[in-house]
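As structure tokens, the structure follows; a few thoughts come after it.
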Amino acid sequence: MSSSHSGHVVIVGAGAAGLMACRELGRAGKKVTVLEARERCGGRIFPLPTSEFGYPAEGGPEFIHGDAPETRALLLEGGLSISPIQGTRWKVRDGVFSKAESSVPDADRLFKALTELEADLPVSDFVKRYFAASQYGELRRVIRRMVEGYDAADPARASTFGLRDEWVGRGLGNHGRVVGGYGALVEFLVDQCRRRGASIHLGAVIKAIGMSGGRMVAYCADGRAYEGDAVILAVPLHLLSEIELPHSAREKVALSEQMGFGNVVKFLLRFATKWWAGTGSKDLDDLSFLFTEDSVPTWWTQYPSGNPVLTGWLSGPRTKAVMHLGEAELVEFALSSLGKAFDVAVEHLKHNLVSARAINWGNDAFARGAYSYVTLETRKIQPLLRSSNGDGVFFSGEALYSGRDVGTVEAALASGSETARALLSARP
Ligand SMILES: Cc1cc2nc3c(=O)[nH]c(=O)nc-3n(C[C@H](O)[C@H](O)[C@H](O)COP(=O)(O)OP(=O)(O)OC[C@H]3O[C@@H](n4cnc5c(N)ncnc54)[C@H](O)[C@@H]3O)c2cc1C
């Protein structure tokens, strides 16, 4: 194989990780070709047309979680800004609305058990061992909402150390949104890549990576082939098994099966009016999040913006029950759940409905799920996937992030930068 220093890098996948790697390699003077299966860049960052929801709504990521230094630096560079989440969080149980506490019940006990834990174990076992007593019912509910809802994870596989890093390290607060949406960030990155001479090919579904005449070749499903001196695979981890790879890379890919990857179904419902503000006995005008006991357990608004859009979130193992439903059926499912939560007739909701989307990421051919979560094996496998075998094949993406928040845009951007650095410092 030619040296990775000798110049031309092929990147498979134009999501946040692939674009970030492309930008950094372009900055270092490399020739870069990006091959993307979809007819657009951004991957799981999926901006919806403003005409559909009245603002650049997000079919994929919407929030910036915590410090997110790479994301914030990039936004600053691109002249983009962040709007903090505002408003009041509510929960509804048996038709009764009450303010959702941001504090965790029995927090002292939970944090003590987490910090004293010496050996990792699945979250479901941790809960059984320390919090099985009936008095911890509310705490169990909060942990489940965090693990299944926020991390889209299976509690039987999710790492308790991972949960500890998230909770003890950061807490749940400090979220914001990109003004103009994450799509604006993708546009900025694409522009940066092109300015540095990168060529980006859309509709290029890569089926195999091979060698020819000492060079690496990426083969597309439609017969096109692209040569380079090194290849970065920046596709979602478990899609790697659908790409034929050199033997050494295949062994690594097999390991990645042990890492967690959860699913999300995201519902966006645009109404003619903000009808929920005056529903029931409470003033819900500044509703931010609503937690329910119904089949779609989490909803949020665009507050403080007045857009009359409700976004529903179904994630983790509970999405398995709806995998067979098409988009129209999913919208019905969401309306029925919303009607139950607010005790409003579905027909009334339909009458008020302007546009609707239901995006089941598990059925997306180029994602097959939403984002990764930390299992007991993740932290052992990540360094193996990040390191190069000297075969010219590199892996990148949110799942490989060594920091706390895998499964985020921040993780993908940081991983892209890290992969570029690893490639640049690889021995000739
Ligand atoms: C519904 C949802 C909500 C989310 N919410 C948030 C949030 O609020 N905040 C947050 O920070 N993160 C959130 N995330 C996670 C975040 O979107 C991802 O972690 C991040 O965008 C992943 O970037 P990536 O570059 O690693 O992968 P991707 O964006 O998936 O990029 C990989 C690219 O590879 C392409 N590809 C796949 N197979 C092939 C192939 N064979 N040939 C060529 N190209 C291929 C794909 O089309 C894709 O463009 C959310 C994700 C989802 C789905």
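Derivation of every value follows stated rules applied to the coordinates shown; laboratory data play no part. Note that the structure is predicted; figures quoted are calculated from it, not measured. So basically every Cβ, Gly included, is an ideal-geometry build from the backbone, and we count neighbours across all protein chains shown.
Summary table below
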{"item": "Local electrostatic count, ILE381, Cβ distance below 13 Å [Lys/Arg +1, Asp/Glu -1]", "result": "+1"}
{"item": "Estimated FRET transfer efficiency when R0 is 41 angstrom, pair SER248-ARG27 (beta carbons, to 0.05)", "result": "0.90"}
{"item": "Length added when fully stretched, SER305-ALA345, from 0.36 nm per residue minus Cα-Cα", "result": "11.8 nm"}
{"item": "For the chain, share of DSSP beta bridges that run antiparallel, in % to the nearest 5", "result": "70"}
{"item": "Those trypsin sites (Lys or Arg not before Pro) in the stretch 1-92 that DSSP places in a loop and that have at most 16 other beta carbons within 10 Å", "result": "ARG40"}
{"item": "Geometric extent, Cα atoms of the chain - Rg, Dmax (angstrom)", "result": "22.2, 73"}
{"item": "Relative contact order (percent, whole number), the stretch 104-170, Cα cutoff 8 Å, 6+ residue spacing", "result": "46"}
{"item": "Fewest-first ranking of VAL354, VAL231, using other Cβ atoms within 10 Å as the exposure measure", "result": "VAL354, VAL231"}
{"item": "Gain upon complete extension [SER103, ARG145; 0.36 nm per residue less C-alpha separation]", "result": "13.8 nm"}
{"item": "Amide H within-cut-off set for LEU245, under 5 Å, with H built and near neighbours excluded", "result": "ILE209"}
{"item": "Compactness of the stretch 104-170 as Cα Rg over 2.2 N^0.38 Å, two decimals", "result": "0.98"}
{"item": "5 angstrom amide H check on VAL32, placed H, neighbours 5+ away", "result": "VAL9, SER199"}
{"item": "Residues of type lysines that LYS31 reaches as a straight line, Cα spacing below 28 Å, ignoring anything fewer than 8 places off in the same chain", "result": "LYS207, LYS252"}
{"item": "Mean-position separation - Cα centroids, the stretch 329-364 and the stretch 22-100, in angstrom", "result": "23"}
{"item": "Exposure proxy order (Cβ contacts within 10 Å, fewest to most) of CYS22, CYS220, CYS193, CYS41", "result": "CYS220, CYS41, CYS193, CYS22"}
{"item": "SER355 long-range amide H proximity, modeled H, under 5 Å", "result": "ARG270"}
{"item": "Ranking of ARG109, ARG386 by count of other Cβ atoms within 10 Å, fewest first", "result": "ARG109, ARG386"}
{"item": "Of LYS99/LYS340; LYS91/LYS320; LYS99/LYS128, pairs whose Cα-Cα distance is over 26 Å", "result": "LYS99/LYS128"}
